[in-house]
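Reading through the structure tokens given below for one structure.
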Amino acid sequence: MERTVQVELGSRSYPIRIGAGLLEDLGAACRTLAPPDAAALLVTDDRVASHWAATARGSLEAAGRRCATVVIPAGEASKCGARLTELYDAALAAGLDRRSFMVALGGGVVGDLTGYAAATYLRGIALVQVPTTLLAMVDSSVGGKTGINLPQGKNLVGAFHQPARVLADLATLATLPDREYRAGLAEVIKYGVIYDADFFARLERDIAALRARDETALLSAVARSCEIKAAVVGQDEREGGLRAILNFGHTLAHAIEQAAGYGTYLHGEAVAIGMHYAARLSCRTRGFPAADAERLAGWLRRVELPLTAKGLSWETVRAAMAVDKKSAARAPRWALADRLGAVAHGCAVLEPLLEEVWHGLDE
Ligand SMILES: NC(=O)c1ccc[n+]([C@@H]2O[C@H](COP(=O)([O-])OP(=O)(O)OC[C@H]3O[C@@H](n4cnc5c(N)ncnc54)[C@H](O)[C@@H]3O)[C@@H](O)[C@H]2O)c1
Ligand SMILES: [Zn+2]
């Protein structure tokens with residue numbers, strides 16, 4: 001079983017292939033990407049490497065590709081200048097030229113770092129994304145955003161660089177820790193809320209299968225999520241407008257991640273809280289049905305995702321929101337739902353209501 005989702009961006013269009021066992025196809029999939037003598041750089045992290053690097057490398061080499069490998073330490077700290085320099089050094093040492101490509105085998109950390117290296121090395125070479133977390137499959141590997149962190153904050157340096165191909169091998173999810181997997185599901189249900197009420201209902205029906213990582217349920221959920229992200233990005237590649245609906249739940253999520261200290265909450269966990277909050281705000285400001293806010297909360301509970309940030313004060317979270325680089329001046333803007341499948345962006349909300357809804361969040 002395999003599905004392909006095409007991202008339509010004119011001359012930079014590319015296919016996202018989704019299915020179990022695609023990693024073995026990596027070499028063949030890259031054959032027409034570069035001439036046979038052009039070398040490739042495979043980048044992965046030390047957790048992913050132990051499970052999947054040999055298959056990826058073996059497939060590239062079986063297709064006749066000369067391939068160097070860099071293994072970075074797992075974790076957000078690797079999205080930094082030092083690791084970036086390491087990739088440039090490895091690329092030069094392996095003789096990568098303008099016709100070469102880099103392969104990002106891993107989660108969003110590997111994807112963002114490798115993507116930024118590919119965007120900038122020799123002013124840009126081709127990139128192949130091989131996402132191995134659910135979050136990376138449905139979010140970070142699609143859309144072309146790449147970047148690294150600075151000591152002053154997350155994602156402060158970056159570039160748009162669309163991949164030439166995305167291969168999402170569902171078999172790789174078998175080794176993903178449960179907490180990471182469940183956090184990824186938060187981003188999946190987000191697509192239902194922002195774009196597709198039928199998809200939301202399907203995710204409700206499939207919840208047990210999804211929790212069990214059933215391949216059929218996953219294939220359908222990942223493919224629809226990618227289609228939606230691709231549709232949004234296709235209409236707004238550089239975040240001038242529509243792309244902001246992808247930030248549903250994220251205004252609060254980013255503030256929670258920062259206020260709690262990065263790593264306390266996984267991104268998807270903070271997004272779960274942020275979506276619960278945004279749904280409640282939507283009920284109060286846009287007539288979003290309370291019953292649908294409860295459906296969302298119920299789904300998140302069944303995935304055992306958090307709905308509140310215990311122990312964080314409103315003052316701390318609100319202060320963290322003000323320094324978010326995406327908020328205009330100091331007033332945060334919100335993506336809020338009118339109904340399931342229809343979200344508006346750029347909404348302003350009165351300060352007292354923000355605080356009231358925060359205090360009213362329940363488990
Ligand atoms: N570019 C974008 O549009 C975009 C969008 C969303 C998030 N991001 C970025 O993505 C990053 C988060 O990505 P993530 O959640 O994938 O985190 P991650 O890359 O840190 O991966 C999470 C953990 O799972 C491990 N792992 C990954 N795949 C595995 C597998 N198949 N088996 C076993 N272990 C595995 C990793 O080693 C890591 O420890 C953040 O840096 C965020 O800023 C980028
Ligand atoms: Zn997110």
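Just a few scattered comments:
- Take the conditions (1) of a type outside the set (Asp, Glu); (2) over 30 Å from Ala322 (Cα atoms); (3) within 16 Å of ligand 1 (Cβ to nearest atom); (4) surrounded by fewer than 22 Cβ atoms within 10 Å (Cβ to Cβ); Thr264 misses just one of them, which is (2).
- Residue count, segment 230-248 (criterion: within 12 Å of ligand 1 (Cβ to nearest atom) and either in contact with a helix residue (DSSP H, G or I) (Cβ under 6 Å, 6 or more places away or on another chain) or not in a loop (DSSP other than H, G, I, E, B) (or both)): 5
- Every residue from segment 50-59 that is more than 13 Å from Val130 (Cα to Cα) and in contact (Cβ under 8 Å) with a residue 40 or more places away in the chain: His51
- Scanning segment 87-102 for residues that are farther than 29 Å from Leu170 by Cα and under 25 Å from the mean Cα position of the chain (by Cα) turns up just one, Tyr88.
- Qualifying residue in segment 170-179 (condition: over 15 Å from Ile18 (Cα atoms), within 16 Å of ligand 2 (Cβ to nearest atom) and touching a residue at least 40 places away in the same chain (Cβ under 8 Å)): yes
- So Leu113, is it touching a Phe, Trp or Tyr at 6+ places or on another chain (Cβ under 8 Å) and aliphatic (A, V, I, L, M): no
- Hey, Lys154 at pLDDT 95 or above and within 15 Å of ligand 2 (Cβ to nearest atom) or not: no
- Test: residue in segment 107-124 that is in contact (Cβ under 8 Å) with a residue 40 or more places away in the chain, near ligand 1 (Cβ under 8 Å from one of its atoms) and not in a helix (DSSP H, G or I): yes
- Any chance Gly184 is within 12 Å of ligand 1 (Cβ to nearest atom) and among the small types (Gly, Ala, Ser): yes
- Residue satisfying condition, being more than 19 Å from Val166 (Cα to Cα) and either at pLDDT 95 or above or among the polar types (S, T, N, Q) (or both), within set Val43, Val103, Val48, Val71: Val71
- Per-region count, segment 117-139, residues surrounded by fewer than 24 Cβ atoms within 10 Å (Cβ to Cβ) and either touching a strand residue (DSSP E or B) at 6+ places or on another chain (Cβ under 7 Å) or within 20 Å of Pro73 (Cα to Cα) (or both): 3
- Among the residues making up segment 277-300, a single one is crowded, with 24+ Cβ neighbours inside 10 Å and within 12 Å of Ile189 (Cα to Cα): Leu296.
- Checklist (1) under 11 Å from the mean Cα position of the chain (by Cα); (2) near ligand 1 (Cβ under 8 Å from one of its atoms); (3) of a type outside the set (Val, Ile, Thr) applied to Met137, failing item: (2)
- Residue check, Leu203 away from ligand 2 (no atom under 15 Å from the Cβ), in a helix (DSSP H, G or I) and touching a helix residue (DSSP H, G or I) at 6+ places or on another chain (Cβ under 6 Å): yes
- Within segment 143-157, being near ligand 1 (Cβ under 8 Å from one of its atoms) and either within 27 Å of Gly10 (Cα to Cα) or free of Cβ contacts under 8 Å to residues at least 24 places away in the same chain (or both) holds for Gly143, Gly144, Lys145, Thr146, Gly147, Asn155.
- Of all residues in segment 22-63, those that are in a loop (DSSP other than H, G, I, E, B), touching a Gly at 6+ places or on another chain (Cβ under 8 Å) and more than 24 Å from Tyr116 (Cβ to Cβ) total 2.
- From the options Leu84, Leu127, Leu167, Leu105, residue that is farther than 21 Å from Ser13 by Cα and either among the hydrophobic types (A, V, I, L, M, F, W, C) or under 14 Å from the mean Cα position of the chain (by Cα) (or both): Leu84
- Leu246 surrounded by fewer than 22 Cβ atoms within 10 Å (Cβ to Cβ) and either within 13 Å of ligand 2 (Cβ to nearest atom) or under 14 Å from the mean Cα position of the chain (by Cα) (or both): no
The values are calculated or read from the model by the stated rules, or taken from the named source; none is laboratory data. Note that the structure is a prediction, hence the values are computed from the model and not measured. Reconstructed Cβ throughout: ideal geometry from the backbone, glycine too, with neighbour counts over all protein chains shown.
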